[in-house]
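Below is one structure, written out as structure tokens; comments come after it.
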Amino acid sequence: MAKAKLRIYPDKTESSRSLLTAEPLFLLSGVLGILLLLRQIESISFDLWVIFPVSVLLCAALWYCFYRSISLLAGVLGLLLVVCGFAVFRLRDLLPKQLWQIVTAVSHNPESASMEVTETILLFAVVIMILMFWLECLGRCHGLLFFLMMALLLFSELMKINITIGALLFISLFQWGFWAVRLPAGSKGSSGIKIKAGIASVLLVSAAFAAACLAVSRFSQTLYTPAYRAEEFVYRMLSGLSNGAGSSYVTGQISRGNHYETGTEHLTLTVSAKPSETLYLRGFSGGDYSGETWLPSNEEEIYQNMAEILQWDTWSNIIPGLYQSMYYVMNENMPEDNRREPLTLTIRHTGSAPGDYFTPYYSRFINELEEEGHGYTYQFFEQGDITLDWENVADYFAQQRDWYLSIRQAYSEQAHFFYTRTPVNRIPRMEKLIRENPRSTPYQITSFILRELHNSASYSTTPGWMPFNEDIVEYFLFESHQGYCVHFASAAVLMYRLYGIPARYASGYAVPPSAFSRQEDGTWQAVVTDKFAHAWAEIFQSDYGWSPVEVTPASDGSMTVQYPGFSGLHLKRSQKDWSRENSGSDFRFGSNKSASSQLLGISLDGIRFQEHRNLFLFIGFGILYSLLFLPLFLDYRRLRKLCRLESAGCREIFRQFLNMLQFCGIASGYDGSEPNFVPVVLEGAPFISQEELSRMLEIVGNAAFGPELPGELQNEFIFRIYQKTARRLYAGLTWHKKVVFRFVKAFW
Amino acid sequence: MRRFFLLLLVLITYYLASMFRSLPLLALCGAEGFMAIAAFILSRRFRAGLSLHFSQPLGTAVVRTNTACKVSVSYKGPFAVNHYRVKIEVYIPPKKKKKFQKRLKGAGGYGENELAFWIHAPYCGLFRLHLTQLKVYDLFSLFCAKKKISEEMELAVFPDGRALQIQLASPEQYGDSPQEEQPANSLGEASHEIRQVREYRTGDLNRHIHWNLSARTGKLWLKEFEQERDFSVRLYLGIKSGFSFSPVRQSNFFVLLSALVMGLLESTGTVRIFWQETENRQVWADAGSVGQLHEILYRLYRLSAKGEFSDSSGTYPEKAFMLDTDLGWYWEESLIFRFSPRSLERDIRERVFSL
């Protein structure tokens, strides 16, 4: 006894199950939310007006069975699984196709055509309802479902499935509502509390969403900023830990995320004279476009092909060297009145990627530096100093010019073959844009590309992440409309290629003249950090070779483009002008919506009729569902009536007793006050004893005319006789009278 | 935990919403933020509207059986409180250190509600139940608002009513005539003895209401007197000092006292129990029924809790039984049997005493 412990434990005698409660509504809300999300997947369609009512019916049926008895629920669940299994067997040919269609639609495969998948979604709705019911009502593990629902929403965003406000609201109601109605076990009056808590949670969630939508539609850009700041901080911290940024500036990787600078030093440039224009140092040239990456250009293959075309045989190994310095040498050997002095550039690698080479345009490699570290020297001409005239050269240079012409011709053929290839199936919208806007001359093409980029996108180093199942360039150009140099350059290169102009994606550094400072020895030096890392497009012109085309706008949105052979274009417009031009453009971009319209435009559009829906079919299904619901409703009504009758008092019970007898053809026209009432009733209902009936009449008589109301025991006695009589009378009825007796009249 | 889990999810959602520039997800984060603020405010509103107190200031229970206790919960605020926790601490007087504590969860709608719980006491005696802390949660159980409360209830745990098997060869030898001296008794009437105390029913005489007990318990109790009775047996309680400081020892004593009185009542009409309170004041009370015995036990519990017994060891009254706190049972000066704490239950259940 001494080791025995005092114990206190809660009273859990009151059942937490109640038919009238908010739980099934929240469960239904969760399932409907998922269905609305599925509705937003492009390339699939299903009949909401079939699936929604089935979900409602199933939810009501499951809850009703749960309320009545667990064994009934187990039976219904088993039956449902059997039905599902049978349906899978019957639809064994159709379901795999529909499933595959859903998978391809989720992955945004542009080749997938639209398909009706009602059967699969219906099965999915049934299974998901059973699972959620199981976890919520039997397993009581709402936390897991809360997490899964959240994961579903995040996954939808990653897969760029449009999350409608309706789906969001339904799912949130499910998530928060169940928390509100999940009471401690054994709480007294739990049904009423659950309903109040459920109503409160609905009000709270709705109000919170209304407020949030208002705030988000007005301040979305401001709200995004803290996340970018946090990401930038983490990026810089990690870069610091890894001792500087990596060599992403010499790869063809197109970033799906934001771009942050760390200030890490990469190069030191020394120039013989101050440059008058931006110095482009190319570290990477892109060949084929693979969706997320530009593959390195395969110049070796081009040179091999050129050797075959030119048939130089033993001299073929000098072709690369000749070609790479060809435009520099040509410009250097122009007649004296056109000649410009080249600049000498020394590049020293101070930071990462010491093995890479960065090459200026119109240049010639001089030598490697012999000092410590990685360094080398070029001579180059600035773009403004290119004064190439292939016809007018000095006599001593005519022979070499002729060789250069042959090389130029061979390279041009190869460039047109290799650098105009585009994966059209990856970029259907861009292909359509180019097809619908034909341009003929290079000037028109460049102007069109620049205008489209200028009008449809704005520069931002924090455009956010791009979805993983979308093509980056298409998403940038037609949906997000925000990006930085890699996106602008990639889009421009693809558009040039679609127009048939050889173009390459180039990345490296773009160093403005302002970055150079004069040194004591008269040279000009610039320290190149990752701030100068850049990507641009380069196009091939036979007369000038590869020229950089700056397609990324400045921070104020202006664009200035000039390269040899192009007379120049300056675009400068305000945001307002951009919007106006865009709306009047020949080509309508996908979803250029403001924040508020994007939020409001998605409101509940999942619940609308399609044009081809037949109204009669809808009415027919409505009637069918009503008929399916009817038994549940009638049984619920019967139980409510019997509950009310039990607590109604003996006179009300006796009145119902008389109605029941008369329905069964006993004592018709009697009201209980007749002298022969007892024998008449006993004749029709011999299972009631005379004593019971006499006492019943006595109690009811006292209740009607006596000085005191009958007590609880007397009421219980009357109700017991009533139940006994109802049970015995019911057993003797025909089946259709049984239905009326039980469900319409609700006698038992 | 839930708050941390939710915060983590909201942060992830916000990060992804910002990165993907997703307005719906940003709206979701905003809504969750608003809901968190609303939940915090609601928890404070719920706390202000919720009050708890024990339904009865005094409860009775039988040892080693589950006894239901109720806490009245009154809520006057918005919606319904769907989750609160109250801390119950149990003390065994006179000790101030809590013996046991438990947190009970409940819910309540607008108006009066109740929180029921079961208590299982392993030994007899007086227990004090304190409601000390109330934690009221918001609708989603994210935030809780604490509130200190100080509600108290006494729980008198009585023995299970088992009787010692006593066979008196000549009962008259051990008893007195009822018409003997009638010193002033705090429980009895001047001319009639109380047979039992029961709850008041409509139609009972007002003058028979036991006002003292009614005032203590908050319910109306009625004294039932008996005119006729058999002889009474005297039982002295030899209580030693320090007795009140051992709940188990105290429980053994009361279990034996109860069994002894119940056993004697099977052969006699009344057992007159004597004990000594402070300043060696001798007090007695008659136990003629279970109700009277419980009343005496309750009185002894309170004396024990207050430490108001005086040391009466070494006193051997004539023509009377005596029971001391070492579980020794005497007739006059001779020891009838000394019970062992370890085998007390078995001895009461199985041993037969033929006197």
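The values are calculated or read from the model by the stated rules, or taken from the named source; none is laboratory data. Bear in mind that the values here come from a model prediction, so they are computed numbers and not experimental data. All Cβ positions, even for glycine, are placed from backbone atoms using ideal geometry, and neighbour counts span all protein chains on display.
Can you pull out the residues in the stretch B:117-142 that are touching a residue at least 40 places away in the same chain (Cβ under 8 Å), of a type in the set (F, W, Y) and surrounded by 21 or more Cβ atoms within 10 Å (Cβ to Cβ)?
Here is the first cut: in the stretch B:117-142, the ones touching a residue at least 40 places away in the same chain (Cβ under 8 Å) are B:117-126, B:129-142.
Subset that is of a type in the set (F, W, Y): B:117-118, B:123, B:137, B:140.
Within the stretch B:117-142, B:F117, B:Y123, B:Y137, B:F140 meet the criteria.
Just for helices (runs of 4 or more DSSP H) wholly inside the stretch A:642-748: which have at least 2 residues that are in contact with an Asp or Glu (Cβ under 9 Å, 6 or more places away or on another chain)? Steps first, please.
Numbers: elements: A:650-663, A:677-684, A:690-705, A:712-731, A:735-739.
Hits in the stretch A:642-748: A:650-663, A:677-684, A:712-731.
Here are some residues: B:L323, B:L297, B:L260. Which one is surrounded by 17 or more Cβ atoms within 10 Å (Cβ to Cβ), within 17 Å of B:R234 (Cα to Cα) and either free of Cβ contacts under 8 Å to residues at least 60 places away in the same chain or within 20 Å of the chain's Cα centre (by Cα) (or both)?
Values: B:L323 fails: either free of Cβ contacts under 8 Å to residues at least 60 places away in the same chain or within 20 Å of the chain's Cα centre (by Cα) (or both); B:L260 fails: either free of Cβ contacts under 8 Å to residues at least 60 places away in the same chain or within 20 Å of the chain's Cα centre (by Cα) (or both).
Among B:L323, B:L297, B:L260, only B:L297 is surrounded by 17 or more Cβ atoms within 10 Å (Cβ to Cβ), within 17 Å of B:R234 (Cα to Cα) and either free of Cβ contacts under 8 Å to residues at least 60 places away in the same chain or within 20 Å of the chain's Cα centre (by Cα) (or both).
Counting just the residues of the stretch A:7-46 that are modelled with pLDDT under 80 and at the interface with another protein chain (Cβ under 10 Å from one of its Cβ atoms), which one comes out surrounded by the fewest Cβ atoms within 10 Å (Cβ to Cβ)? Quick ask: steps written out before the conclusion?
Applying the first criterion (modelled with pLDDT under 80) to the stretch A:7-46 yields A:11-21.
Still in the running and at the interface with another protein chain (Cβ under 10 Å from one of its Cβ atoms): A:11-14.
Numbers: A:D11: 20, A:K12: 14, A:T13: 11, A:E14: 15.
Per the criteria, the residue is A:T13.
Per-residue answers, yes or no, for (1) touching a Cys at 6+ places or on another chain (Cβ under 9 Å); (2) closer than 21 Å to A:E413 by Cβ; (3) in a helix (DSSP H, G or I):
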| residue | (1), (2), (3) |
| --- | --- |
| A:Y280 | no, no, no |
| A:F284 | no, no, no |
| A:G287 | no, yes, no |
| A:E301 | no, yes, yes |
| A:M306 | no, yes, yes |
| A:S316 | no, yes, yes |
| A:L322 | no, yes, yes |
| A:R339 | no, no, no |
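With the requirement that a residue be free of Cβ contacts under 8 Å to residues at least 24 places away in the same chain and either at negative phi or polar (S, T, N, Q) (or both), what does the stretch B:331-344 give you? Write out each step before concluding.
As a first pass, look at the stretch B:331-344 and keep what is free of Cβ contacts under 8 Å to residues at least 24 places away in the same chain: B:332-338, B:340, B:342-343.
B:E333, B:S334, B:L335, B:I336, B:F337, B:R338, B:S340, B:R342, B:S343, listed by residue number.
Here is a list of conditions, (1) assigned to a strand (DSSP E or B); (2) at the interface with another protein chain (Cβ under 8 Å from one of its Cβ atoms); (3) farther than 18 Å from A:P10 by Cβ, and B:S74 meets all of them except one; can you say which number that is?
For B:S74, the exception is condition (2).
List the number of the failed condition for A:Y496; all other conditions in (1) buried (at least 23 other Cβ atoms within 10 Å of the Cβ); (2) in a strand (DSSP E or B) hold.
Unmet condition: (2).
Step by step: first the residues of the stretch B:1-28, then only those that are within 51 Å of the chain's Cα centre (by Cα) and at the interface with chain A (Cβ under 8 Å from one of its Cβ atoms), then the one that is modelled with the highest pLDDT. Which residue is that? If you could, list the steps in order and put the result at the bottom.
Here is the first cut: in the stretch B:1-28, the ones within 51 Å of the chain's Cα centre (by Cα) are B:1-11.
Now narrow it down to the ones that are at the interface with chain A (Cβ under 8 Å from one of its Cβ atoms): B:2, B:5, B:9.
Values: B:R2: 79, B:F5: 84, B:L9: 87.
So, considering only residues that are within 51 Å of the chain's Cα centre (by Cα) and at the interface with chain A (Cβ under 8 Å from one of its Cβ atoms), the one modelled with the highest pLDDT is B:L9.
Determine whether A:Y224 is of a type in the set (F, W, Y), touching a residue at least 12 places away in the same chain (Cβ under 8 Å), in contact with a Leu (Cβ under 8 Å, 6 or more places away or on another chain) and surrounded by fewer than 22 Cβ atoms within 10 Å (Cβ to Cβ). Even if it seems obvious, please write down each step before you answer.
Details: of a type in the set (F, W, Y): yes; touching a residue at least 12 places away in the same chain (Cβ under 8 Å): yes; in contact with a Leu (Cβ under 8 Å, 6 or more places away or on another chain): yes; surrounded by fewer than 22 Cβ atoms within 10 Å (Cβ to Cβ): yes.
Yes: the conditions hold for A:Y224.
Does A:N392 satisfy the condition of being surrounded by fewer than 16 Cβ atoms within 10 Å (Cβ to Cβ) and more than 53 Å from the chain's Cα centre (by Cα)?
Values: surrounded by fewer than 16 Cβ atoms within 10 Å (Cβ to Cβ): yes; more than 53 Å from the chain's Cα centre (by Cα): yes.
So A:N392 fits the description; yes.
Can you go through A:P226, A:P275 and tell me which one is away from every other protein chain (no Cβ under 14 Å) and either part of a helix (DSSP H, G or I) or at pLDDT 85 or above (or both)?
Values: A:P226 fails: away from every other protein chain (no Cβ under 14 Å).
Only one candidate passes the filter, namely A:P275.
Considering each residue of the stretch A:165-179, count those that are facing chain B (nearest Cβ under 8 Å), touching a residue at least 40 places away in the same chain (Cβ under 8 Å) and more than 25 Å from the chain's Cα centre (by Cα), and give that number.
Residues meeting the conditions: 0.
Return yes when B:A107 is within 11 Å of chain A (Cβ to nearest Cβ) and surrounded by fewer than 20 Cβ atoms within 10 Å (Cβ to Cβ) and no when it is not. Full working, then the answer.
Working: within 11 Å of chain A (Cβ to nearest Cβ): yes; surrounded by fewer than 20 Cβ atoms within 10 Å (Cβ to Cβ): no.
No: the conditions fail for B:A107.
When you go through A:S187, A:S220, A:S206, A:S191 one by one, which is the residue that is among the polar types (S, T, N, Q), part of a helix (DSSP H, G or I) and either facing chain B (nearest Cβ under 8 Å) or touching an Asp or Glu at 6+ places or on another chain (Cβ under 7 Å) (or both)?
Working: A:S187 fails: part of a helix (DSSP H, G or I); A:S206 fails: either facing chain B (nearest Cβ under 8 Å) or touching an Asp or Glu at 6+ places or on another chain (Cβ under 7 Å) (or both); A:S191 fails: either facing chain B (nearest Cβ under 8 Å) or touching an Asp or Glu at 6+ places or on another chain (Cβ under 7 Å) (or both).
From the options A:S187, A:S220, A:S206, A:S191, the qualifying one is A:S220.
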